[in-house]
Every structure is written in C-alpha cells, then in structure tokens.
Amino acid sequence: MTDKMTLTERTIQRMFWHFHAGSCEFCCPNFTPLGWYECDIFAITKAGYFHELEIKLTVADFKADAKKRDSSEYRWRNGHYVKCDISKSKHERLASHDVEGPSRFYFVTPEGMIDPKDVPEWAGLRFLEQTTDGDWYGNLNTVKKAPLLHKQKVGQEVKDKLLQSFYYRFWNERIKSNTEDTQ
C-alpha cells in the first residue's frame, strides 16, 4: 500500500514537468522573468510564447492573488536599471494585456476548488484531478482555456536570464549535494 501524495506547490510543479514539459522549449519553477513577477511555473512554448501557471491550493490564496503588486520601482534591463510603473497590480497588468507578461495565464488548483466563473476573463483554469480514493492524478485538465493576451514572443534576453538561473541552480544543488555526501 502506498501513502497518498501530499499536494504542495512543488508536487504540482513536478507533475507539470512530468506530463507537459515535452510541449515546452523551457519550463522552470519559481522563475522571475524580466519585467514580471515570480511565476510558480514559467514555460516557453515551442512556438516561443511565455505561459504562466499560478498554483493556488486554497480559496483564500486565490482571492489574495488579486492584490499582488510589484515591489521594485526599478528593473534591470539590457545592462541598466529602468524605472517601472508600479501603480498597477499584477491582475491589472494581465487585464491590460501587458506584453511583459505571459501570452497565456492559468490558475492551477485542486479539482473543484474554484468555480470557473470566478476566474477573470484574461485567465484560464486548470484542475488537478483527484482519484476516487482521494489521491491525485498528475494530469492538469484545462477547465477554461486561457485567452491569448498578446502575440509577443519571448526575447533572447529572457532566455539568457533563464539559462543563467539554471546555471546557478545547478551549482547550488551540486554544492548542497556534495556537502551532504561528506557528512
């Protein structure tokens, strides 16, 4: 008999990678692209578009997401800092089809946690299916397809930042692993 899987952001990220990474050029958990917010799952499709998946495990967290604001007035772009407009929330930026944001945005929740009619018109909804015995399938069913917010493809500078992030994550994990090996 196996123990039931605990549903966390990390387990959903692993499930997405396992079942959907083949449809992506890049897929990265907890990545902050230039000019945007941290993404629970940041994906670049094979066609070159940025998709964001925002994982919500409680209704309260889903409702609180509408209040997210950018905390930094300046961002590093093309070798220098530029002043950013922080007057809009993340949801306002998504609703305005901001080209720095994703071309498609999805909320990901446990099955049935959110009514699709409660999802903003600029967002999609994907459910993680639950088995009859209360465990979780790895598939993320699209309940409401996210509309195309813009047709801006991801630039090379975003891919370069992503690869740099992979580089540092790899070496941090390697150092952590070597430390564990010597104990």
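Readers should treat all values here as calculations from the given coordinates under stated rules, not as data from a laboratory. What you see is a predicted model; the values in this text were computed from it and never measured. Glycine also receives a Cβ, built like all others from the backbone with ideal geometry; neighbour counts cover every protein chain displayed.
Observations, loosely collected:
- Burial order of peptide ranges 57-69, 20-32 (average beta-carbon count within 10 Å, highest first): 20-32, 57-69
- When peptides 34-47, 97-110, 159-172 are ranked by their average number of other Cβ atoms within 10 Å per residue, the highest-first order is 97-110, 34-47, 159-172.
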